[in-house]
Amino acid sequence: MSPIHHTATGQDAGRVLVLNSGSSSVKYQLLDMRDRSRLATGLVERIGEASSRLVHTPQGGETRERTGRIDDHAQALEAAAGELAADGIGLDSPALVAIGHRVVHGGLRFTEPTVVTDDVLREIERLVPVAPLHNPANITGIRTARALRPDLPQVAVFDTAFHRSMPEHAARYAIDVETADAHRIRRYGFHGTSHAYVSRRAAELLGRPVEDLNLIVLHLGNGASASAVAGGRCVDTSMGLTPLEGLVMGTRSGDIDPAVTFHLKRVAGMSADEIDTLLNQRSGLVGLCGDNDMREIRRRVDAGDERASLAFDIYVHRLKKYIGAYAAVLGRVDAVVFTAGVGENSAPVREAAIAGLEGFGLAVDPERNAVRSGEPRLVSPAGARVAVAVVPTDEELEIARQTFALARD
Ligand code: ADP
């Protein structure tokens, strides 16, 4: 690639590359922010293994797949850049104005998307002890992209940022204050980019300013979190110091009595790492019934499988508890909004989570709930006091939007 980059000017300058770097994967999307179209999307996975795989889909084109060892994130990004160049939308184009990075943990400092400087990078590194699984990969992604295009703004968009508006009484755990502060133990919340985007889109759907609305947002993907959003600001959320707290998830337990962990150590002889793996990877739906895909769980429920039925009921029971809790936190609820893989696609989960909540003014209309669509929509009966809505999330678009806004300043 030529080391000389042209300055982006005029009409062409509207592309943003969004990178979501995990420990062994990189997801990328190239968006044109003039019309918000996706020029290409892709994924490099199993980085560092012999069986690395790159899957790349250009807008309106065929998906291409390549397998073969990709050593590290730098090679992954080079490979992605090669695919984009082959489509005539290479990363050396003057139309590319910024690179946006999903960064999981922004700690207390980052309440907004931030242009990455050396100082910002150091601060993200300082947060590694509270996000050991995520921040190191995010940092690698930023360094790699910076090396590729040092002339471009790299923007960090934090999963925690939206939740920094939580009042202290929601963010603090009731443990010894000195110990908590010494180790930065508090509730940070995650999926913030999604909660923020979905809140705004829900307000558009309802035709009211987000400032006037009290929303309960349920982001139900493989990871899952609920948030209470008052006037567009998060006032409580279910994930805490790490993404383990709160709802039952695909592989994570969500809320448990913390004494379970001492018990596992003292009585079952498990190490901290083993308990971590148990609660993060072998619990939740997969721990309860062996499956974490809601489609498969529903198929088993419909076939009369008792373990799958119990797993489904536990999942829904937890959801209901959070809806009730956040209704109390908010005092008045205007809408309950479902999003992410399960929330957008699983009519049975929505129906079961709302069933019996008529006392809160909540109900689901079976016909509306059965509609399959990629568009924001209401699933509550016409004229319901509280809306129940499905709003597809789009974290990449939101990261691109925030990145573009900063890059233009
Ligand atoms: P991630 O947290 O990995 O971003 P997603 O938001 O993509 O997850 O959600 C993935 C989950 O969504 C799957 O594990 C599956 O349980 C659920 N899911 C996806 N499609 C459907 C569907 N059609 N019906 C029910 N559940 C679905």
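Before moving on, here are some points about what is shown:
- In plain terms, the chain from Ser24 to Phe360 could stretch by 116.6 nm, reckoned as 0.36 nm per residue minus the Cα-Cα distance.
- Charge context of Tyr173, other residues only, Cβ under 9 angstrom, K/R +1, D/E -1: +3
- When both region 201-230 and region 324-390 are represented by their alpha-carbon centers, they are found 11 Å apart.
- Between Ala85 and Arg200, residue separation times 0.36 nm minus the direct Cα-Cα distance comes to 38.0 nm.
- The chain, helix-only ellipticity at 222 nm - DSSP H runs n ≥ 4, -39,500 (n - 2.57), divided by all residues, nearest 500: -11000 deg cm²/dmol
- Stretch gain in nm, segment Leu133-Val177, where the contour uses 0.36 nm per residue and the Cα spacing is subtracted: 13.3 nm
- Equivalent ellipsoid semi-axes - Cα gyration tensor, region 66-184, angstrom: 34, 16, 12
- Net charge in the neighbourhood of Gln402 (other residues with Cβ under 14 Å of its Cβ; Lys, Arg +1, Asp, Glu -1) is -2.
- Region 28-70: GluC sites (Glu not before Pro) in DSSP coil with no more than 14 other Cβ atoms inside 10 Å: Glu49, Glu62
- Label-to-label distance, Lys265 versus Ser309, with points set 7 angstrom from Cα along the beta-carbon direction: 3.9 nm.
- Inter-probe distance in nm under a simple model that places probes 7 Å from Cα toward Cβ, at Arg295 and Arg66: 2.9
- Based on C-alpha pairs under 8 angstrom that are at least 6 apart in sequence, region 82-186 has a relative contact order of 36 percent.
- Dipole of the chain, positive end: most advanced residue of Thr193, Ile47, Gly324 [Cβ charges, Cα centre]: Gly324
- Spin-label pair Thr117-Val371: with each label point 7 Å from Cα along the Cα-Cβ axis, the two points sit 4.9 nm from one another.
- Proportion of all alpha-carbon pairs of region 260-334 beyond 13 Å (%): 72
- Helices of the chain meeting both criteria, an alpha-carbon length of 24 angstrom or more along the long axis and an average Kyte-Doolittle score not below -1.0, with helices taken as full DSSP H segments, are 306-330.
- Simple Cβ-charge dipole of the chain, Lys/Arg +1 and Asp/Glu -1, about Cα centre, in debye nearest 20: 360
- When +1 charges are put on Lys and Arg Cβ atoms and -1 charges on Asp and Glu Cβ atoms, the dipole computed for region 28-85 relative to its Cα centre reaches about 140 debye.
- The residues packed around Ser346, meaning those with a beta-carbon under 10 Å from its beta-carbon, carry a net charge of +1 if Lys and Arg are +1 and Asp and Glu are -1.
- Burial order of peptide ranges 235-247, 139-151 (average beta-carbon count within 10 Å, highest first): 235-247, 139-151
- DSSP-defined antiparallel bridges as percent of all bridges, the chain, nearest 5: 65
- The chain, Rg to Rh (Cα coordinates; Rh as Kirkwood inverse mean 1/r): 0.97
None of the figures in this text is laboratory data; all of them are computed from the coordinates on show. Predicted model only: the values in this text are computed from it and were never measured. Quick reminder, even Gly has a Cβ in these numbers, built from the backbone with ideal geometry, and neighbours come from all protein chains shown.
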